[in-house]
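Some notes on the structure that comes next.
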Amino acid sequence: MLKLGSMEKEKTDLLKEKANGIRKDIVTMVHRANSGHVGGSLGATDLIVALYYQIMKHRPSQPDWNERDRFILSKGHCTPVIYAVLADCGYFPKSELETFRRPGSHLQGHPYQPKTPGIEACTGTLGLGISTGVGMALGAKLRGDNHYYYILCGDGEIQEGQAWEAAMFANKYKLDNVIGFVDRNYLQTDGNSEDIMPLDPLASKWESFGWKTYTMDGHNFEQIVDTVELAQKDTQPVMIIANTTKGKGVSFMENEVNWHGTPPTKDDFENAIKELENGI
Amino acid sequence: MEFKHTRQGYVDGLLELAEEYPELLVLDADVAKATKTVDFEAAYPKRFFNCGVQEQNMLSVAAGLALEGYIPFASTFGVFATCRAGDQLRNSIAYPKLNVKVGATHCGITTGGDGASHQANEDIAIVRSLPNMTILVPGDYEEAKQATIAAAKFVGPVYLRFGRDKYPLIPEIHGGFTIGKAKVLKQGNDISIITTGIMVDEGLKAANSLESEGVSVRLIHMPTVKPIDKEVVLNAAKETKGIVTAEEHSIIGGLGEAVAGIVAEEAPCMVHRIGMQDVFGESGQAGELMDKFGFRAKNIIEKARKIMRN
C-alpha cells in the first residue's frame, strides 16, 4: 500500500508550478521548431519533474558527478520535456531551447549524449535506452556505487523485443539499482496500444521476468514520490507502471493520438499557452 | 606451416590485456565456446558476462558499460553483430562514438558448414558505412592478438573481424601493428595486390608465383580497412599498372570498393576485386568454398594478368 499525502502541500504546489512552466516550454519548443513530439512529452512531464526536483541526486553544475542518479529517456522522442527540465535546472541556458531541432544545435530531435549536458545516453530507436540503462547499472554495481538508474520507457516502446531482453538481463544480474517506468498512456503512433499490439496484463509480464512492479498515477506527485521511495528499498529491479494521459494539461491534446508527433499550429499554440496559463 | 584460429588470437589478446586494464570486460551472447571467450571467463569470471542469445541487448549493454568508464569487448558472430544488432551498433555505439569493441567471429566464407545464414560477407560494408567506426581485419592468429591489444589501447568504437577456421601463420605480417597503417610486404612496380584478413596468404602465393614469372609485385596487406591507409593505396595506383584487391567478403562495400573509391578520385587505374560476387555462400568445408567462390591465388593471378594485358 502506498502511503499517500506524505509530501507537504507547499512542495506539491511547487512541483505543479514547475510542471506547468515545463509544459509551456514543451508546447513552445515544438511549435517553434514546427517539429517534435508534444503529446508524450506533456504526458511524461509530471513524472520527470518529480524526479529532477524532488527525487534524484544530481548537480546541474557538474553533469558528470559520479554519485548522481542517472535518468535515461528510453522513449527518446520526448526530448522536449527533458530539454525543458534540464535547461530549467541549469544544465544549459534556457535560451538554447530555441534551437531545438535546428541545424547546429546540441538539442537534437532524439537525445545525443555526447553533446547535451545532462543527457545520459543516445536513445530514440526504441528499446535501446532500457538496455543501455541496465548496462550502466551493471557497471555501477561492479564498482559498488549506490546511485539509481531511472529509465523511462514508452508503452508502445516495450513492444520491442529488446526491452524484454533487457528485462531478462536485469533479473539475471539482480540490478536493484534500476527503477524503470512505463509511461502507460495506451496511445502510440498508430492508435491504441491494445489494438496495435496488446500489452496488458502489463504488470504481470514484468513480474514474470523477475521485476517488482508498482502501479501509480503518473500525474500525482505524492504517489510518484512515495512509490519511488518504496522502489528504492527493493532488492530486485523495479518497473513502475505510471498511468498517464498523453497530452496532459492541454485539453484538446489529451488522449488524442494525433498529438503524438504533430506540431501545434499558431492557433493551437496560442490556445495551449492560454490554457496552461489559466491552469494553475 | 602452422595453422591457428584468429578467434584464439582475439581471446589470447584479451588475456594479455586483462591485468593491465582492470576496466576491460568481456561480453558474449551464448557463443563463448565458439568465440573462444570461454577462456577469458575461466580466468576472470567476474569480468565476463554471458548475455544469452541477446545480441541486441548485449551491444546496448556494452554501450552502457562504456558510458560508465569500462572497456567492453562484446563478442558474437559477425552476422549477429552487424545484421541482427545493426541498430544497436549504429545508434548505441557508433553514433555517440563510445569506447566499445565488437569482437566478431565466424566472418567470411570460411565459416563453412553452417552455410550462408552464418557467413558474414557484408559486415565490413555495413560497419564501413557507419561514421566513427574503426575496422580491423587481421590476417592470422598473431596479428589477431596484436589487433585486439591495439583496439583496447585505442579510444573509440572498433569492429574486430575474425574467421572460424584455422589459418596459416604468416610471419611476414607479424609485428608493428598500427591502426590505420598498411603493411607493404613487397615493393614491386608492375602490379599491386592489396589484401585484407586471411587473404594475405593467397596474396603472398599469388605474388610469389607472379614473381617467378618475372612480374614485379607490390603486395600490400591492409589489416585496417577503416580508416584505410590512403597514401599506400595512392602510391600503388601511381607506381604500378593497376590493383587487384582480395578480401573474404562481398565485393560490395568492402576493401575493394574502398580502394576503388580512393583511386577513382585521385589516381585512376584499373581495380579488380576478388571477393563474393554479390551472391550468398553455401555449406561446405572452408577450402572447398574458397575454391568454389574464387578466393585462391590463381584467381588473383588471373585478375593481375588481365590488368597487365590491358
Looking across the range B:114-158 at residues that are part of a helix (DSSP H, G or I) and of a type in the set (S, T, N, Q), the single one that is least open to solvent (accessible area, probe 1.4 Å) is B:148
Among the residues of the range B:282-310 satisfying the criterion of being under 19 Å from residue B:198 (Cα atoms) and basic (Lys, Arg), which is most open to solvent (accessible area, probe 1.4 Å)?
B:298
Working carefully through the options A:165, A:157, A:254, find the one that is under 28 Å from residue A:268 (Cα atoms) and within 14 Å of another protein chain (Cβ to nearest Cβ).
A:157
Kindly evaluate residue B:220 against the criterion of being out of contact with any strand residue (DSSP E or B) (no Cβ under 8 Å at 6 or more places or on another chain), open to solvent by less than 40 Å² (accessible area, probe 1.4 Å) and not acidic (Asp, Glu).
no
Can you find a residue in the range B:40-60 that is open to solvent by less than 10 Å² (accessible area, probe 1.4 Å), within 29 Å of residue A:121 (Cα to Cα) and touching a residue at least 60 places away in the same chain (Cβ under 8 Å)?
no
Yes or no: residue A:123 among the β-branched types (Val, Ile, Thr), within 14 Å of chain B (Cβ to nearest Cβ) and either closer than 21 Å to residue A:248 by Cα or surrounded by fewer than 24 Cβ atoms within 10 Å (Cβ to Cβ) (or both)?
no
Confirm whether residue A:75 is of a type outside the set (Asp, Glu), open to solvent by 50 Å² or more (accessible area, probe 1.4 Å) and in contact (Cβ under 8 Å) with a residue 40 or more places away in the chain.
no
If I filter the range B:40-55 for residues that are small (Gly, Ala, Ser) and assigned to a loop (DSSP other than H, G, I, E, B), do I get at least one hit?
yes
Residues in the range A:202-221: is at least one among the polar types (S, T, N, Q), touching a His at 6+ places or on another chain (Cβ under 6 Å) and modelled with pLDDT of 95 or more?
no
Quick one: residue A:32 ticks every box in (1) farther than 30 Å from residue A:264 by Cβ; (2) open to solvent by 50 Å² or more (accessible area, probe 1.4 Å) except a single one, so which number is it?
(1)
Residues satisfying the stated conditions in the range B:254-299, i.e. of a type in the set (Gly, Ala, Ser) and either part of a strand (DSSP E or B) or under 19 Å from residue B:106 (Cβ atoms) (or both):
B:254, B:275, B:281, B:283, B:284, B:286, B:287
Residue by residue through the range A:127-154, note down the ones that are more than 9 Å from chain B (Cβ to nearest Cβ), among the small types (Gly, Ala, Ser) and out of contact with any helix residue (DSSP H, G or I) (no Cβ under 7 Å at 6 or more places or on another chain).
A:144
So which of A:222, A:207, A:256 ends up being surrounded by 13 or more Cβ atoms within 10 Å (Cβ to Cβ) and over 27 Å from residue A:160 (Cβ atoms)?
A:222
For the range B:20-29, state whether one or more residues are part of a helix (DSSP H, G or I) and either modelled with pLDDT of 95 or more or acidic (Asp, Glu) (or both).
no
For residue B:111, work out the one condition from (1) in a helix (DSSP H, G or I); (2) surrounded by fewer than 24 Cβ atoms within 10 Å (Cβ to Cβ); (3) more than 9 Å from chain A (Cβ to nearest Cβ) it doesn't fulfil.
(2)
Could you grab me the full set of residues in the range B:48-73 that are among the hydrophobic types (A, V, I, L, M, F, W, C) and within 10 Å of another protein chain (Cβ to nearest Cβ)?
B:49, B:51, B:53, B:58, B:59, B:61, B:62, B:63, B:65, B:66, B:67
Residues of the range B:205-217 being touching a helix residue (DSSP H, G or I) at 6+ places or on another chain (Cβ under 8 Å) and surrounded by fewer than 24 Cβ atoms within 10 Å (Cβ to Cβ), in sequence order, are B:205, B:209, B:215
So which of B:74, B:104, B:63 is part of a helix (DSSP H, G or I) and either hydrophobic (A, V, I, L, M, F, W, C) or surrounded by fewer than 24 Cβ atoms within 10 Å (Cβ to Cβ) (or both)?
B:63
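The values are calculated or read from the model by the stated rules, or taken from the named source; none is laboratory data. Being a predicted model, the structure only gives us computed values, none of them experimental. Cβ atoms come from the backbone with ideal geometry, glycine included; neighbour counts cover every protein chain shown. Each accessible area value is taken on the protein alone, full model and side chains, heavy atoms only, with ligands, DNA and RNA left out. Shrake-Rupley method; radii C 1.70, N 1.55, O 1.52, S 1.80 Å.
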